[in-house]
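Have a look at the structure that comes next, please.
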Amino acid sequence: MKIIQVVPELASVSNKSRQSQIYEQFILNLSNKHSFTIMPYYEHLKISEGKNKLIADFADFEVIQTNIPISDSQLYLIKPKKALFKQKSSEQDISSVLFFNKATAEYIESLNSKFIVHCHSALIGFLPLFLQNNKNKSACLFTLHDLKTDYRFSSSEIRPFLADNTDLMGADSAIKLGLIFSDLVNLCSRKYAQEVQETESEYQDLFKKISNKLYGIMNGIRYGEWNPALDNKIPCKYNPNNLYGRFYNKAILQEQLGFANEDIPLLFFGSRLNNEKGFKLLLDSLDMLIKMPIQLLIYGTGEDYPEQKIDDLLKSSPNIRYIREYNEEFIHLILAGCDFYLLPSKHEPDGISFLYALKYGIIPIAYYTGGLVDAIGDMTCVDKNKINGFFFNNYDSNSFIATIREAIEVWKDKQLFAKYMKNAMDADWSWKSSVRQYEALYKKAEQLSSVNEE
């Protein structure tokens, strides 16, 4: 059974957000079971007009065929005949979102074939409902990367798009409809799929009800661009079997930051400096961090700023460098030279950046939450080849600092710390690994579709 991906955006043709890059990387790593991708036709799309082809014409929309740039992967664009969709998926009003989902369902039905339809994000949450009444009932997999964005509707807004007497099962938003009417639901980590059932929210009871069809698959990363064995942006390349380059890179990084070239742990916090990522907890722990035998780099950009007295302390402390900027080339050196990556996020559904860090052998010190739990193994891990980091379980400064001290003790044992680094670098978090897990879900969806047919 062929698979259709339905996404709100793609990096190379619309908005280059982190999420749009994830959608595109995922699609371009799929096997030949992938049929095509559907997304809205936005204003100012970055597509070549010469490669566009009208393949379907409906009363109030058209379907335009093109390719995802620099690939043969087919992209079908839903283009309204009146106003185009706004430039960013996050700017869509509820009527536009409903229109796109309904038009997509209508187009899929016109193909007169059965598919597995993979719905990505809340914006596509209405599609499983609209596909319910199609004569060729396609199986739906609904993937959510977080619960931050939802599309709420009133009865008067959604009724024009529904058949008479459609039962919405009490749902009042796109996410809730997607959870109810999809055959399978996937979140971006196993731990996060567990947390949404345990954490109080408007979705908690619904997640509990669908637990038998709820899964958690981590997103993958591109090792080609982020691989210390191949990285031309770092002074010295290295690999898990020859870590000399890490020590050389650390010395270069210390020099660039104006740190003394001392044999002490170099810690990194960044690259988004906001309280969601644990910036406040880091600042609350500053008095203790300043007194520790460490060097600390706080680097990146973000919307949250410390109080003036804390800002002054950060800038005056000899063992801390506080730099509010973002340069991707410098991030390569940071990952190749720092010993530890501080990850005090209170919530972390997936956490892509630290997967790149693992490939570079930088060891995470993290709060026990979300996708961090899926990828980090601490000393409680049964398989010693998977121990690659440290967790703190209470979200407070004392627990955070105690875990940093524990990590420093391991760092002092150079042979043991080298084993941690090797474990981190050997783990496979490529898209190939993620796609294999998705293919298992597609197979399950196909089986469910066959059962429903009977």
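The values are calculated or read from the model by the stated rules, or taken from the named source; none is laboratory data. Since we're looking at a predicted model, the values are computed, not measured. Note that each Cβ is placed from the backbone with ideal geometry, even for glycine, and that neighbours are counted across all protein chains shown.
Quick one: which helices (runs of 4 or more DSSP H) lie wholly within segment 55-170 and hold at least 2 residues that are at pLDDT 95 or above? Give the derivation first.
Values: elements: 94-110, 127-130, 155-158.
Here the list reads 94-110, 127-130.
For Tyr341, only one of the following conditions fails: (1) in contact with a helix residue (DSSP H, G or I) (Cβ under 6 Å, 6 or more places away or on another chain); (2) touching a residue at least 40 places away in the same chain (Cβ under 8 Å); (3) in a helix (DSSP H, G or I). What is its number?
Tyr341 satisfies all of (1) in contact with a helix residue (DSSP H, G or I) (Cβ under 6 Å, 6 or more places away or on another chain); (2) touching a residue at least 40 places away in the same chain (Cβ under 8 Å); (3) in a helix (DSSP H, G or I) except (3).
Shifting gears a bit: Among the residues of segment 416-431, which ones are surrounded by fewer than 20 Cβ atoms within 10 Å (Cβ to Cβ), among the small types (Gly, Ala, Ser) and within 25 Å of Cys188 (Cα to Cα)?
Selection gives Ala427, Ser430.
Among the numbered criteria (1) among the hydroxyl-bearing types (Ser, Thr, Tyr); (2) modelled with pLDDT under 95; (3) assigned to a helix (DSSP H, G or I), which single criterion is violated by Tyr420?
(2)
Okay, next question. So, of the residues in segment 220-276 that are of a type in the set (Asp, Glu) and part of a loop (DSSP other than H, G, I, E, B), which turns out to be surrounded by the most Cβ atoms within 10 Å (Cβ to Cβ)? Give the steps one after another, and end with the answer.
Applying the first criterion (of a type in the set (Asp, Glu)) to segment 220-276 yields 225, 231, 255, 262-263, 276.
Next, only the ones that are part of a loop (DSSP other than H, G, I, E, B) stay: 225, 231, 262-263.
Numbers: Glu225: 12, Asp231: 22, Glu262: 12, Asp263: 9.
Across segment 220-276, the extreme among qualifying residues is Asp231.
Could you tell me which residue of segment 8-47 is surrounded by the fewest Cβ atoms within 10 Å (Cβ to Cβ), considering only residues that are aromatic (Phe, Trp, Tyr) and over 18 Å from Ile352 (Cα atoms)?
Filtering first and then ranking leaves Phe36.
Follow-up question, since we're still on this one. So, of the residues in segment 296-309 that are touching a strand residue (DSSP E or B) at 6+ places or on another chain (Cβ under 7 Å) and closer than 21 Å to Asp396 by Cα, which turns out to be surrounded by the most Cβ atoms within 10 Å (Cβ to Cβ)?
Only one residue fits best here, namely Leu296.
Checking the conditions here, which among Thr37, Thr66 is within 30 Å of Trp429 (Cβ to Cβ) and touching a helix residue (DSSP H, G or I) at 6+ places or on another chain (Cβ under 7 Å)? Reasoning before the result, please.
Working: Thr66 fails: within 30 Å of Trp429 (Cβ to Cβ).
Being within 30 Å of Trp429 (Cβ to Cβ) and touching a helix residue (DSSP H, G or I) at 6+ places or on another chain (Cβ under 7 Å) holds for just one of Thr37, Thr66, which is Thr37.
Here is a further query. Pick from Asp150, Asp93, Asp172, Asp167: which is closer than 15 Å to Tyr42 by Cα, without any contact (Cβ under 8 Å) to a residue 40 or more places away in the chain and of a type outside the set (A, V, I, L, M, F, W, C)? If you could, list the steps in order and put the result at the bottom.
Working: Asp150 fails: closer than 15 Å to Tyr42 by Cα; Asp172 fails: closer than 15 Å to Tyr42 by Cα; Asp167 fails: closer than 15 Å to Tyr42 by Cα.
That would be Asp93, the only listed residue that is closer than 15 Å to Tyr42 by Cα, without any contact (Cβ under 8 Å) to a residue 40 or more places away in the chain and of a type outside the set (A, V, I, L, M, F, W, C).
Name the single residue, out of those in segment 48-65 being without any contact (Cβ under 8 Å) to a residue 40 or more places away in the chain and of a type in the set (Val, Ile, Thr), that is surrounded by the most Cβ atoms within 10 Å (Cβ to Cβ). Lay out the reasoning, then the answer.
The initial filter retains those residues of segment 48-65 that are without any contact (Cβ under 8 Å) to a residue 40 or more places away in the chain, namely 48-55, 57, 59, 62, 64-65.
Those left that are additionally of a type in the set (Val, Ile, Thr): 55, 64.
Working: Ile55: 13, Ile64: 19.
Out of the qualifying residues, it is Ile64.
Give the residues of segment 305-323 that are under 20 Å from Ile334 (Cβ atoms) and either modelled with pLDDT of 85 or more or among the acidic types (Asp, Glu) (or both), sorted by residue number. Let's see the steps before the verdict.
Just the residues of segment 305-323 that are under 20 Å from Ile334 (Cβ atoms), to begin with: 314-315, 317-323.
Result: Leu314, Ser317, Pro318, Asn319, Ile320, Arg321, Tyr322, Ile323.
Report yes if some residue within segment 388-404 is surrounded by 14 or more Cβ atoms within 10 Å (Cβ to Cβ) and of a type in the set (D, E, K, R); otherwise report no.
The answer is no, given that none of the residues of segment 388-404 is surrounded by 14 or more Cβ atoms within 10 Å (Cβ to Cβ) and of a type in the set (D, E, K, R).
Against the condition in contact with a Gly (Cβ under 7 Å, 6 or more places away or on another chain), under 28 Å from Pro344 (Cα atoms) and among the basic types (Lys, Arg), how does Arg272 come out, does it pass?
Working: in contact with a Gly (Cβ under 7 Å, 6 or more places away or on another chain): yes; under 28 Å from Pro344 (Cα atoms): yes; among the basic types (Lys, Arg): yes.
Criteria met by Arg272.
Let me ask something else. Taking Lys46, is it among the basic types (Lys, Arg) and at pLDDT 95 or above?
In short, no.
I need the full set of residues from segment 396-421 which are under 16 Å from Leu266 (Cα atoms) and not β-branched (Val, Ile, Thr), in order please. Talk me through it step by step, then tell me what you get.
Filtering segment 396-421 down to residues under 16 Å from Leu266 (Cα atoms) leaves 401, 403-414, 417-418, 420-421.
Scanning segment 396-421 gives Arg405, Glu406, Ala407, Glu409, Trp411, Lys412, Asp413, Lys414, Phe417, Ala418, Tyr420, Met421.
Hey, can you tell me all the residues within segment 277-301 that are part of a loop (DSSP other than H, G, I, E, B) and either touching a residue at least 12 places away in the same chain (Cβ under 8 Å) or not assigned by TED's automatic domain parsing to the domain that holds Pro364 (or both)?
Our first condition is that a residue be part of a loop (DSSP other than H, G, I, E, B); within segment 277-301, this holds for 278, 285, 291-294, 300.
Of everything in segment 277-301, those that are part of a loop (DSSP other than H, G, I, E, B) and either touching a residue at least 12 places away in the same chain (Cβ under 8 Å) or not assigned by TED's automatic domain parsing to the domain that holds Pro364 (or both) turn out to be Gly278, Ser285, Met292, Pro293, Ile294, Gly300.
Next question, about the same structure. Every residue in segment 252-263 that is in contact (Cβ under 8 Å) with a residue 40 or more places away in the chain and farther than 12 Å from His332 by Cβ, please.
Gln254, Gln256, Leu257, Gly258, Phe259 - these are the residues of segment 252-263 that are in contact (Cβ under 8 Å) with a residue 40 or more places away in the chain and farther than 12 Å from His332 by Cβ.
Take segment 277-291 and flag every residue that is buried (at least 17 other Cβ atoms within 10 Å of the Cβ) and in contact with a Leu (Cβ under 9 Å, 6 or more places away or on another chain).
Lys277, Gly278, Phe279, Leu282, Leu283, Leu286, Leu289
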